[in-house]
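Bear in mind that the values in this text are calculations on the coordinates, not laboratory data. A quick note: this is a predicted structure, and the numbers were derived from the prediction, not measured. A quick note on method: Cβ atoms are made from the backbone with ideal geometry, for glycine too, and the neighbour counts reach across all protein chains shown.
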Amino acid sequence: MEKLIAEKIDKEKKKTEYFSQFALKHLSAMRILEKGGVLGEDNKEWRNVAEHCLVAAVGADILAEHLNADRDTVVLATFLHDWYKRREVEAIREHGGEKGVTKTVQEDDRLLREYGFSEEFIRVAHANMPVSADPEYIAGRSRNEKIVHFMDHITLGSEYVEVKDRWRELEKEPFFKAYSESYRGIYGGKNLKEFQKELAESEEEEFEHKIELSPGTIVEFIRTELEKRINAKEDR
C-alpha cells in the first residue's frame, strides 16, 4: 500500500513539474492571465481559472501536433480563451447570462487588440463560445478554432474528461440552468448545454477520424500522450 501511495505522489509531482515547465515557456500568456485577474497573489480565489487554461492548453498542444494544426496559435489561444472569465462572471451576476457574456466579449476583444493580437487570433481565442448556430458559420470554423472549442469542453480541473462528464459537473452549479437557457435566442432554440455538447461531440468524431482512433477514445489518447511527454520530459 505504501508503495502505491508513493508511486501516486511521484506521478502527481512529475505531472505538476511538467505543467509548470509548460507555463514557464508561455510567460506572455501567463502575464495576460494576470491582467485578466485570474492569476497572481491578489487573485488567488480565481487561480482555478488559470489552471484550467493551462491544462486545456497542454491538451490543445497535443491535439494540434497530431492534427497538423498551428501549434503556437492553438496553444496561445487556448491559454487565453478564459483570460477574462473573472470580468465575465461579474457581468453575468449584474446583467444575466448571455447579456453579461456579450458585454464582456466586447471588452475582451478591445483589450486583446490593444495587446497587439490580430482579429484572426481573437476569433480563435473566442472559439470556445461560438457566436451563432448558423450552419455556414459552424462549418467554416478552422481546425484551430475547433481544437480550442473542444479542449474547453473536455477539461475539468487538472484532468481531461468525457464531454458528457464535464457538462454533468457544470449542471451542479446553482446558476447554470438559467445561464444555459439564456442562449436559446442565439443558438437556434437550443440552450447552451444542448448546442455546445452537440458541437463538441461532432468535433470529437472528426478528430478521431483524422487521427485514426477508435470512436470514443480521444480523451484517453490525450491522457496517454500527456503521460508519454511527462515520462520523456519532452516539452516545447
Q) Which residue, Leu213, Leu33, Leu67, has the most motion in a Gaussian network model of the chain that connects Cα atoms within less than 10 Å? A) Leu213
Q: Mind putting a number on the dipole of the range 184-229 about its Cα centre? Charges go on the C-beta only, +1 for Lys and Arg and -1 for Asp and Glu, and I need it in Debye to the nearest 20.
A: 300
(Q) Could you order the peptides 139-147, 203-211 from most to least packed, using the average number of other C-beta atoms within 10 Å per residue? (A) 139-147, 203-211
Q. Cα gyration tensor of the range 122-191, axes a ≥ b ≥ c as square roots of the eigenvalues: rounded (a/c below 1.5), prolate (a/b > b/c) or oblate?
A. oblate
Q: Answer rounded, prolate or oblate for the range 134-233, using the Cα gyration tensor with square roots of eigenvalues a ≥ b ≥ c: rounded when a/c is under 1.5, else prolate when a/b is larger than b/c, else oblate.
A: oblate
Q) Once you sort the root eigenvalues of the Cα gyration tensor of the range 1-94 as a ≥ b ≥ c, which label holds: rounded (a/c under 1.5), prolate (a/b larger than b/c) or oblate (the other case)? A) oblate
**Q.** Sorted by Cβ neighbour density within 10 Å, fewest at the top, the residues Met151, Met129, Met30
**A.** Met129, Met30, Met151
(Q) In Å and on Cα atoms, what radius of gyration and Dmax does the range 77-182 show? (A) 14.1, 38
Q: Please identify, among Gly116, Gly59, Gly37, the residue showing maximal mean-square fluctuation in a Gaussian network model of the chain using a 10 angstrom Cα cutoff.
A: Gly116
Q: Mind jotting down the distance between the C-alpha centroids of the range 99-140 and the range 184-216, whole Å?
A: 19
